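Take a look at the structure below.
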Amino acid sequence: MQARRCDRTPWDDGRTMSNPLTPAPAAAASPLVRAARGHPGASPPVWFMRQAGRSLPEYRALRAGTSMLDACRDPALITEITLQPVRRHCVDAAILFSDIVVPLVAVGVPIDIVPGVGPVVAHPVRTADDLAQLRPLTPADVSYVREAVRSLVSELGRVPLIGFAGAPFTLASYLVEGGPSRDHARTKALMHGDPGLWHALLGRLADIAREFLRVQIDAGANAVQLFDSWAGALSLADYDAFVLPHSRSVLEPLADAGVPRIHFGVGTGELLASMRSAGADVVGVDWRVPLDEASRRLGPGAVVQGNLDPALLLADWPVVERAVRRVVAEGRAASGHIFNLGHGVLPDTDPDVLTRVVALIHSLSDE
Ligand code: 1CP
């Protein structure tokens, strides 16, 4: 199985590496990694959250008859599904096909991923006894992830692979609620009602998330993203007191791992500066705050990722093109910009529009 070489990649367009003496593997010197380090090129590197998944007919065909969790434990399937959007769209990064609950399932938490719903937990975690069941993750628990990352790194060549994990708060929300939640009410009630148990739970989830990221980095992932998708449900005061220390304990110890760390959440306009202080190199921004305003809130030297509203991809092309150009222009206010959506690709998205967005962004370096 060979990743198709896209006809034209940002590596071939005449840009020069500012430090040609560094003997880094090609993926580690890619536009994505360079932008994350604050060395932007003429146009931003681009990938899409949920680029592997239901918008692709080849994904739906491959997944037919296999449950989501079984797919996440099969190195050959992980590899193929991860490569599909890279071949099709010529994006500047692959993201590992997995799920944020995979390491929890791997340590024995009874979770199923229900089609059309998401992760459902058979026995929600709400007491000290429940917490006692949550054991640490060891690399052997996720050997299929290590194997998939190794095979992907060799298939992808100079296209970087992004590994990921769920942040402690977002993982806790699924464990405490028992599944997807709109208001995260039980989670907030536990946070305020039993802060001791809350911090113990988040501490344990932070250890699991950090170990899961380390497995992926050790196997060759070129960047990692910490998804705190539901952090925007919190006030700044609650985020700072109950969540930030634990996200920091995931991200900070990985500083010396040598790969950029991206930290993303939805609806986090009020939390951006705090999220940056958790220690990531790049802060992901949803579509609610323009990237120039997000850069101002983040402070000097910040690198941003985002932030096209995924719903706009369902509009006519002139609307999409105008919005893409606006996001790229606003991203220039930051010290680096990785183009992405403000959240994941919606299942009804026409994949040809995604391909066209990538081509448009790559063409901007010629203007
Ligand atoms: O039946 C199916 O096909 C399952 C749908 C699906 C897919 C394709 C789920 C269930 N997870 C995934 C893959 C997935 N999950 C990826 C793949 C890599 C890529 O981006 O291409 C990633 C990065 C995730 C991470 C994830 N899972 C997050 C964080 C990102 C985000 O979208 O905010 C979250 C919150 C989850 C939980 C989850 N898993 C699946 C669903 C439908 C959900 C969300 C449920 C909810 O609304 O709470």
Is it true that some residue in the stretch 235-245 is of a type in the set (Val, Ile, Thr) and closer than 21 Å to GLY203 by Cα?
yes
Quick check on the stretch 300-314. Is at least one of its residues at pLDDT 95 or above, in a helix (DSSP H, G or I) and in contact with a Lys or Arg (Cβ under 7 Å, 6 or more places away or on another chain)?
no
I'm trying to understand the selection: among the residues of the stretch 38-62, which are within 10 Å of the ligand (Cβ to nearest atom) and open to solvent by 50 Å² or more (accessible area, probe 1.4 Å)?
ARG50, ARG54, ARG60
GLY196: more than 24 Å from VAL120 (Cβ to Cβ), free of Cβ contacts under 8 Å to residues at least 24 places away in the same chain and out of contact with any Phe, Trp or Tyr (no Cβ under 8 Å at 6 or more places or on another chain), yes or no?
yes
Hey, ALA334 assigned to a loop (DSSP other than H, G, I, E, B) and within 16 Å of the ligand (Cβ to nearest atom) or not
no
Of all residues in the stretch 63-74 being in a helix (DSSP H, G or I) and open to solvent by 40 Å² or more (accessible area, probe 1.4 Å), the one that is nearest to the ligand (Cβ to nearest atom)
ARG63
Provide a single number: the residues in the stretch 104-142 that are within 12 Å of the ligand (Cβ to nearest atom) and either of a type in the set (D, E, K, R) or part of a helix (DSSP H, G or I) (or both).
3
Flag for LEU254 being in a helix (DSSP H, G or I), more than 16 Å from the ligand (Cβ to nearest atom), within 18 Å of LEU171 (Cβ to Cβ) and of a type outside the set (Val, Ile, Thr)
yes
Any chance you could count how many residues in the stretch 143-189 are open to solvent by 50 Å² or more (accessible area, probe 1.4 Å), part of a loop (DSSP other than H, G, I, E, B) and closer than 26 Å to VAL117 by Cβ?
3
Please go through (1) among the aromatic types (Phe, Trp, Tyr); (2) outside any helix (DSSP H, G or I); (3) crowded, with 21+ Cβ neighbours inside 10 Å for TRP287 and return the number of the only condition it doesn't satisfy.
(3)
Can you name every residue in the stretch 220-233 that is open to solvent by less than 10 Å² (accessible area, probe 1.4 Å) and more than 13 Å from the chain's Cα centre (by Cα)?
ALA231
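The values are calculated or read from the model by the stated rules, or taken from the named source; none is laboratory data. As the structure is a prediction and not an experimental result, all values here were calculated from the model. We place every Cβ from the backbone using ideal geometry, glycine too, and count neighbours over all the protein chains shown. Heavy atoms of the whole protein, side chains included, go into the accessibility calculation; ligands, DNA and RNA do not. Shrake-Rupley method; radii C 1.70, N 1.55, O 1.52, S 1.80 Å.
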